Amino acid sequence: MSSRILLVEDEPGLVMTITDLLVAEGYEVESASDGEAGLQKALAGGFDLVVLDVMLPKRTGFDVCREVRAKGVD
C-alpha cells in the first residue's frame, strides 16, 4: 500500500508538478486549493504526510498546522 500525501497549495501549476513527481515515486496524492479545504481533509485523517503552502486563501498553512496539531489528528 502506498503512502498518502495531502498537498495544500493554491497554485495549479505547482500542484500539477508536485503531484506528478510524488505519484512517479509511488505516493498517492490528494490536494486542496485553500486552507479551509486542506484543514477539513487533514482533520478527516488517513494521510501519512501533509505538505502545506504558507500563504493560502481562507487560512494560512500555519493556521492549518496549528489546528491539526491541536486536534491530535494522526
Arg59 passes all but one of (1) part of a loop (DSSP other than H, G, I, E, B); (2) modelled with pLDDT under 95; (3) surrounded by fewer than 16 Cβ atoms within 10 Å (Cβ to Cβ); which number fails?
(3)
Selection status of Gly72, closer than 18 Å to Thr19 by Cα and modelled with pLDDT under 95
no
On the basis of being aliphatic (A, V, I, L, M), in a loop (DSSP other than H, G, I, E, B) and touching a helix residue (DSSP H, G or I) at 6+ places or on another chain (Cβ under 6 Å), does Val64 make the cut?
no
Considering residues of region 6-19 that are open to solvent by less than 70 Å² (accessible area, probe 1.4 Å), touching a Ser or Thr at 6+ places or on another chain (Cβ under 9 Å) and not polar (S, T, N, Q) only, the residue nearest to Gly72 (Cα to Cα):
Leu6
Can Val50 be described as in a strand (DSSP E or B) and surrounded by 15 or more Cβ atoms within 10 Å (Cβ to Cβ)?
yes
Restricting region 20-47 to residues that are part of a loop (DSSP other than H, G, I, E, B), without any contact (Cβ under 8 Å) to a residue 40 or more places away in the chain and of a type outside the set (Phe, Trp, Tyr), which is most open to solvent (accessible area, probe 1.4 Å)?
Glu25
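The values are calculated or read from the model by the stated rules, or taken from the named source; none is laboratory data. Since this is a predicted model, take the numbers as computed values, not measurements. Neighbour counts run over all protein chains shown; Cβ positions are idealised from the backbone, glycine included. Quick note on the areas: whole protein, heavy atoms, side chains included, nothing else; ligands and nucleic acids left out. Shrake-Rupley method; radii C 1.70, N 1.55, O 1.52, S 1.80 Å.
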